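The values are calculated or read from the model by the stated rules, or taken from the named source; none is laboratory data. Values in this document were obtained by computation on a predicted structure and should not be read as measured data. Heads up, the Cβs are rebuilt from the backbone with ideal geometry, glycines too, and the neighbour counts pull from every protein chain shown. Surface accessibility is based on the protein's heavy atoms, side chains included, excluding ligands, DNA and RNA. Shrake-Rupley method; radii C 1.70, N 1.55, O 1.52, S 1.80 Å.
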Amino acid sequence: MKYPDKNGHFGEFGGRFLPETLIALHDELEGVFKSALKDPQFKKEFQYYLNEYAGRPTKLYYAERLSQRLKTLKVYLKREDLLHTGAHKINNTLGQILLAKRMGKTRIIAETGAGQHGVATATAAALMGLECVIYMGEEDTRRQSLNVFRMKLLGAQVVPVTSGSRTLKDAMNEAIRDWVTNVDKTFYIIGSVAGAHPYPLIVREFQAVIGREARRQFLKAENKLPNYLIACVGGGSNAMGLFHAFYKDKSVKMIGVEAAGHGLNTVEHSAPLAKGKIGVLHGSKSDLLQTEDGQIQVAHSVAAGLDYPGVGPEHSFYKKSGRAEYVAVEDREAIKGLKLLSETEGIIPALETAHVFAYLPKLARKLKRQQSIIVCLSGRGDKDMEQIKELI
């Protein structure tokens, strides 16, 4: 069976749980998206901006010193950190901004946590000459003040959100309210494989370039497929971007790394796949962090981009079907992972991706012989320097 189905379901997950005012918008967007994918001119234009503007294809780099340290893992890094704006987010924003132009929209809105999606959206909007408004939780504007400045420098208006936990969930709520109010001229760019159908499908398709490239590059380098893929998971777009091209390759194991925050035995974490229950958030059914009475639980992670109480529905499907395994790494471990990559390879990862490098030694100790692995290095750590200084 093809996933998602025509109603946007990945097994029991996904779908479209929306007020009537948004149904027609999502129907229109789905139609435009499907039409664009069949249009050679759209695909040519999208590929042009990916290659000539964003900097694709990104390198698949053999991390020799890290591999020597880990002994049983031969580590390749898919270098999304080398893209324009410093993270994988630009892949999706370029695709969606072209959809917005195709629909005749003149105003772009988005939500952002770590700020990388906001920066990528502001960048694409500036490139296309469109008005841009970014909603960002007040707590995240403090943690990611450099990215706030970057967005403003790119001409975007940044709106701090003071409701709720003042993080990504609340920013997404405000962006949806804006969209409902200004539907005629506004296009909402969602940054992850979350939200109501067709957004999980749209974002997956625009990020799938990561896995397609990595698959070709690894086959060329090793003349075989890797044993493992691994990526951090908040909403889950970088992980799904890597995983999707390998979905049918059953010999390739997939691992998603969530944020365990201060510990899975506390309520201060962002690990809905490890500790959540099935529910509906932002128009989609997936695993969610919930209180005993079914309210959305406040999430916590040292990495603002993982600080989300839900996850993309396709990841919930991967977990339930057994296609992928999901683990969780605590804040203090993530800092060790950041130092591990920095000291062995001279590459400072984003705090989000640092969770992956924290897990690699644990995986390596479980293995009896050398296995090859592709890590999605989803972003660079420039944005986190002020925060890292306080943590180390």
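Points to keep in mind about this one:
- The stretch 96-135, residues that are among the small types (Gly, Ala, Ser), open to solvent by less than 10 Å² (accessible area, probe 1.4 Å) and more than 15 Å from the chain's Cα centre (by Cα): 100, 122, 124, 125
- A search for C-beta distances below 9 Å between a residue of the stretch 1-25 that is at positive phi and part of a loop (DSSP other than H, G, I, E, B) and any residue that is crowded, with 18+ Cβ neighbours inside 10 Å and among the hydrophobic types (A, V, I, L, M, F, W, C), counting only pairs 6+ apart in sequence or on different chains, returns 8/196; 8/201; 11/317; 15/196.
- Only one of the numbered conditions (1) within 30 Å of residue 249 (Cα to Cα); (2) of a type outside the set (D, E, K, R); (3) open to solvent by 30 Å² or more (accessible area, probe 1.4 Å) is violated by residue 262, and that is (1).
- In summary, residue 337 fulfils each of the numbered conditions (1) of a type outside the set (Phe, Trp, Tyr); (2) surrounded by fewer than 19 Cβ atoms within 10 Å (Cβ to Cβ); (3) farther than 29 Å from residue 2 by Cα with the single exception of condition (2).
- Taking the stretch 77-94 as the range and being β-branched (Val, Ile, Thr) and touching a strand residue (DSSP E or B) at 6+ places or on another chain (Cβ under 8 Å) as the test, only 93 passes.
- The single condition among (1) under 16 Å from the mean Cα position of the chain (by Cα); (2) open to solvent by less than 10 Å² (accessible area, probe 1.4 Å) that residue 374 does not meet is (1).
- Flag if residue 221 is open to solvent by less than 10 Å² (accessible area, probe 1.4 Å), modelled with pLDDT of 95 or more and small (Gly, Ala, Ser): no
- Residue within the stretch 40-61 that is over 24 Å from residue 124 (Cα atoms) and either under 22 Å from the mean Cα position of the chain (by Cα) or not β-branched (Val, Ile, Thr) (or both) present: yes
- Residue within the stretch 58-67 that is of a type in the set (Lys, Arg), part of a helix (DSSP H, G or I), more than 24 Å from residue 354 (Cβ to Cβ) and touching a helix residue (DSSP H, G or I) at 6+ places or on another chain (Cβ under 9 Å) present: no
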